[in-house]
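Here the structure is laid out as structure tokens; the discussion comes afterwards.
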Amino acid sequence: MVRIHHHQPRPHHKLILAFSILVPFLLTACQPKKGNKMFDPAQIAFSVEYNPLFDNQLYPSLLLATGNSDSPFSIQMTAPADNSVLRIVIDSSALNYVTIIQEILPHRGERYTFQPQIKWKYDILRRLRQPGAIDLTFTCYINDEEIDLKNLHIGYRTVNECPLSLVYEGRTYDFRWLFAAYVNEDHPQIEQILTDIIAQGTINRLSGYQNGAQAVRDQVFAVWYYALSSGIAYSSISCTSNPSPRANVQHIRFFDEVYSTRQANCIDACVFFASILRKIGLKPVIFVEPCHAYLGYYTDKNRRNIELLETTITSWVNFPQLDRSTDSEGMLTEDAFNRIKKYLSDKEITLYEEGRLPLDKLKLAVARSLFQKATEYDRETYNNNRIHFADTASITYQQLDIELLRRQVRPIN
């Protein structure tokens with residue numbers, strides 16, 4: 001007969017058994033259910049807004065000129081507890097890197113507003129020659145808990161597109177000061193241009209304000225003669241495809257675009273000249289009137305006296321074309337000479353016809369005549385509108401002193 005022994009479990013065996021049953025239950029009970037949050041997203045009311053002034057358009061020129069110092073984005077949320085730790089993560093896009101903003105929200109129930117400084121891909125912004133669109137995702141965390149996310153779909157413009165004025169809620173906001181960003185005295189091509197200016201023989205040195213007002217005029221004329229010799233022609237391409245009906249914008253060529261294409265409209269030429277004048281230490285001014293802009297420059301470093309220059313007059317005579325309009329003896333064809341006779345004195349005409357005025361001297365005489373016309377061309381309108389230029393509240397008439405604007409406006413380079 002087989003005896004069956006019944007063994008009672010020892011006390012510690014009972015504890016182990018009970019613990020093995022309770023632990024999974026406790027772990028399950030302690031974990032929040034899927035979707036549970038410590039903070040209520042509706043209470044925090046996280047929101048992101050792009051400045052409505054810009055009508056959902058991003059302007060790379062504005063970001064590059066100001067260094068993103070005044071962010072167009074606004075973030076708001078309500079603190080769910082005292083000393084909440086806020087973290088905003090902005091995902092990367094074609095135009096920006098991942099950006100993280102972290103702040104302390106001191107008081108429960110208080111509404112906070114932040115303007116995030118997004119880490120833009122500035123090298124990409126500088127090369128934008130086609131408009132497009134980006135999607136930006138903003139994710140909000142409170143005390144490491146993800147609360148909410150917002151998506152913004154924003155159009156972007158080309159870097160050449162300069163907003164002149166924007167209208168919002170019946171008020172006009174002026175942005176013509178942004179012209180100063182297209183003046184680029186640091187452009188590397190200017191060094192070669194200065195070498196060429198000295199080599200052309202119209203001036204021996206570029207000395208800024210060291211040698212008086214006449215020396216300043218001589219330096220400006222040397223730049224003028226260089227522009228004529230380069231054959232810069234007038235060409236207006238101011239229109240853009242900007243979809244905003246509230247935006248008054250203009251396409252502006254950069255310094256190197258004028259240099260390479262030999263084309264410019266009034267503001268393009270002002271930007272080109274002002275860049276070179278700034279490089280040699282002079283103080284250029286861009287005068288903006290309705291539908292036109294012209295250049296000014298101070299003849300003294302204390303800004304007491306100013307001269308004007310209508311830069312588009314460089315297109316009145318094309319020197320490279322003139323060089324190609326010569327016969328076998330190096331004389332201009334009759335048609336070519338007749339086109340420039342109006343810029344010469346009777347004596348100069350006689351000397352040339354007698355063969356005593358070489359072509360290079362003839363071009364120099366034409367250049368001086370055109371320079372004088374360019375100096376006088378805008379004088380009357382400038383005198384008539386000086387009161388408007390002096391009015392800092394005026395939008396249609398502005399006097400943009402590039403040196404003074406450099407305190408807030410960087411060159412786009």
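Values quoted throughout were computed directly from the atomic coordinates according to the rules given, and no laboratory measurement underlies them. What you see is a predicted model, and the numbers here were worked out from it, not measured in a lab. Here the Cβ is made from the backbone with ideal geometry for all residues, glycine too, and neighbour counts use every protein chain on show.
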* To do: Could you pull out the trypsin sites (Lys or Arg not before Pro) across segment 163-251 that fall in loop regions by DSSP (anything but H, G, I, E, B) with no more than 15 other Cβ atoms inside 10 Å?
  => Arg205
* Find the relative contact order for segment 177-284 and round it to a whole percent, using C-alpha pairs within less than 8 Å whose residues are 6+ positions apart. => 38 percent
* To do: Rounding to the nearest 20 debye, state how big the charge dipole of the chain is about its Cα centre with +1 on each Lys and Arg Cβ and -1 on each Asp and Glu Cβ.
  => 1520 debye
* For the chain, with a Gaussian network of springs between Cα atoms less than 10 Å apart, report the residue from Pro72, Pro60, Pro106 with the top mean-square fluctuation. => Pro106
* Asked: Of the GluC sites (Glu not before Pro) in segment 36-110, which ones lie in a loop per DSSP and count no more than 12 other C-beta atoms within 10 Å?
  -> Glu110
* Asked: For segment 41-156, with the dipole built from +1 on Lys and Arg beta-carbon atoms and -1 on Asp and Glu ones, taken about the Cα centre, which of Ile134, Thr66, Ile100 lies farthest toward the positive end?
  -> Thr66
* Counting Lys +1, Arg +1, Asp -1, Glu -1, what net charge surrounds Asn265 among other residues with beta carbon under 12 Å of its beta carbon? -> -1
* Asked: Using the 10 angstrom Cβ neighbour count as an exposure proxy, how do Tyr209, Tyr173, Tyr59 rank, fewest first?
  -> Tyr173, Tyr209, Tyr59
* Least to most buried among Glu376, Glu185 (fewest other Cβ within 10 Å first) -> Glu376, Glu185
* To do: Report the net charge of residues surrounding Leu58, where surrounding means a beta-carbon distance below 11 angstrom and charges are Lys +1, Arg +1, Asp -1, Glu -1.
  => -1
* Structure fact -> Summing +1 per Lys or Arg and -1 per Asp or Glu among the other residues with Cβ less than 12 Å from Arg129's Cβ gives +2
* **Amide proton proximity set for Ser84, modelled H, under 5 Å, gap of 5+** => Leu105
* To do: Quick one: what are the phi-derived ³J(HN,Hα) couplings along segment 81-95, Karplus 6.51/-1.76/1.60 with θ = phi - 60°, whole Hz, x for glycine and proline?
  => 7, 4, 6, 5, 9, 9, 9, 10, 10, 9, 5, 6, 9, 4, 10
* What number, rounded to the nearest 500 deg cm²/dmol, is the helix-based mean residue ellipticity at 222 nm of the chain, given -39500 (n - 2.57) per DSSP H run of at least four residues and division by all its residues? -> -9500 deg cm²/dmol
* Within segment 321-413, report the chymotrypsin sites (Phe, Trp or Tyr not before Pro) that DSSP leaves as loop and that have at most 14 other Cβ atoms within 10 Å. => none
* Asked: From the backbone phi of segment 290-303, what are the Karplus-calculated ³J(HN,Hα) couplings (6.51 cos²θ - 1.76 cosθ + 1.60, θ = phi - 60°) in whole Hz, Gly and Pro given as x?
  -> x, 6, 7, 9, 9, 9, x, 8, 7, 8, 9, 6, 8, 6
* Relative contact order (%) - criterion: Cα under 8 Å, at least six apart; region: the chain -> 15 percent
* To do: Distance between Cα centroids, segment 100-145 to segment 319-389: provide it in whole Å.
  => 57 Å
* Signed unit charges on C-beta, dipole axis of segment 267-413, positive-most listed residue Ala365, Tyr298, Trp316 -> Tyr298
* Asked: Is there a pair in Lys342/Lys363; Lys279/Lys301; Lys301/Lys361; Lys283/Lys341 whose C-alpha atoms are over 24 Å apart, and which pairs would that be?
  -> Lys301/Lys361; Lys283/Lys341
* Structure fact -> GNM of the chain, Cα pairs under 10 angstrom: of Leu362, Leu58, Leu128, the biggest fluctuation goes to Leu362
* Structure fact -> With +1 on the Cβ of every Lys and Arg and -1 on the Cβ of every Asp and Glu, the dipole magnitude of segment 41-156 about its Cα centre, in debye rounded to the nearest 20, is 500 debye
* Asked: When a footprinting reagent is the concern and you count Cβ atoms within 10 Å, what order do Met77, Met38, Met331 take, fewest first?
  -> Met38, Met331, Met77
* To do: Enter the mean projected area of the convex hull around the alpha-carbon atoms of the chain, in nm², rounded to one decimal.
  => 37.8 nm²
* Roughly speaking, what is the centre-to-centre gap between segment 170-211 and segment 248-270 when only Cα atoms are used, to the nearest Å? -> 13 Å
* Taking only Cα atoms and a 10 Å spring cutoff, compute GNM fluctuations for the chain and point out the largest among Thr202, Thr392, Thr261. => Thr392
* Asked: Assigning unit charges at the beta carbon (Lys, Arg +1; Asp, Glu -1) and nothing else, what dipole magnitude in debye, to the nearest 20, does segment 164-405 show about its Cα centre?
  -> 420 debye
* Would you work out if segment 164-405 is rounded, prolate or oblate? Take a ≥ b ≥ c from the square roots of the eigenvalues of the alpha-carbon gyration tensor; rounded if a/c is under 1.5, else prolate when a/b is larger than b/c, oblate otherwise. => prolate
